[in-house]
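A.B. asks: Quick one: the structure is below, and I'll ask about it shortly.
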Amino acid sequence: MRLDDFDPSAIDVEDQRGGGGRFSRLPIGGAGGKIGCGTLVITLIAALVFGVDPQQMLGALQQGGEVVPGQVGGALPGQGAAAGSGSVSASCMVDAASRESCNALSSLNKTWAPIFQQAGVKFSQPKLVFYAQAGESGCGAAQSAMGPFYCPSDNGIYLDTDFYRQMDSDLGATGQFARDYVIAHEYGHHIQNLTGISEQVRTMQERNPAAANRLSVRLELQADCYAGVWAAKNRDRLEPGDMESGLNAAHQIGDDTLMKNAGRRPVEASFTHGSSAQRMTWLKKGMDSGNDNACDTFADLRK
């Protein structure tokens, strides 16, 4: 995917990889209304993958957030991440993975801000937080084993970029667009947080704990769809093979595929992110439609 280089004055980046510090961006405004079906962000139940203890993840995500199953870390295959050194530019240029992530964040901001403005809904950017192995978030400790996640308490997308290496070597999810999809999916949770669906889902879960996982799956699939909407609105930046790379990534991180690869029998009742088929379907729906209204994974609950 051919993305423009990030503008360091227009993105919010925090670097916890060794004293990088926190750096702010110039605010990009927007005014709001109702975005499509509205969005529902939730306190996520940790996923189980590669033998990671879900209780450890749950303890780390004290107030919720979103977790992509897997273990994380820092760079593109074959590269190691170094600490940021005092500026957004320095943090984003630590390695190719950091630069790609900042470019994707910039593109996502530029894509979603006008959608919110047109809909009349107040828009604010998320921050992208780089960390290595362990960090701190508004939702508690950030740990590599949790994978990339979104914390609604501080509007942060938390990323140990070594997850990209794991995607490539362990999950078979290769290509730049697969990595961009990770950021776009987490950004989808920010969209859900801004539009208030998170509170709605949280309330639904509190009222019906038995439905918590099923509601989590709907949230995750909607975030996948929003990632597809972003890709569709930047279709002129896509390169041959990008869509296939994204769909393959969605397949590889489906709950059933992850459980099979970890030697477990897939149990739908324990899914928190959706099956491979579901994740591919909703990512493609967003890609094909380019319309956030098409991402209503909760439609049948309102009938």
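The values are calculated or read from the model by the stated rules, or taken from the named source; none is laboratory data. What you see is a predicted model; the values in this text were computed from it and never measured. Positions of Cβ are generated from backbone atoms using ideal geometry, with glycine treated the same way; all protein chains shown enter the neighbour counts.
A.B. asks: If a residue has to be among the basic types (Lys, Arg) and closer than 18 Å to residue 180 by Cβ to count, how many in segment 233-281 make the cut?
C.D. replies: Matching residues across segment 233-281 total 4.
A.B. asks: Quick check on segment 148-157. Is at least one of its residues modelled with pLDDT under 90 and surrounded by fewer than 24 Cβ atoms within 10 Å (Cβ to Cβ)?
C.D. replies: No; the residues of segment 148-157 include none that is modelled with pLDDT under 90 and surrounded by fewer than 24 Cβ atoms within 10 Å (Cβ to Cβ).
A.B. asks: OK, next. Being part of a helix (DSSP H, G or I) and either under 25 Å from residue 296 (Cβ atoms) or of a type outside the set (D, E, K, R) (or both) narrows it down to one of 199, 244, so name that one.
C.D. replies: 199
A.B. asks: Return the total of residues in segment 103-139 being closer than 25 Å to residue 237 by Cα and either of a type in the set (Ser, Thr, Tyr) or in a loop (DSSP other than H, G, I, E, B) (or both).
C.D. replies: Looking only at that region, the number is 7.
A.B. asks: Also: When segment 232-241 is examined, which residues are found to be assigned to a helix (DSSP H, G or I) and touching a residue at least 60 places away in the same chain (Cβ under 8 Å)?
C.D. replies: Listed by number, the residues that qualify are 233, 237.
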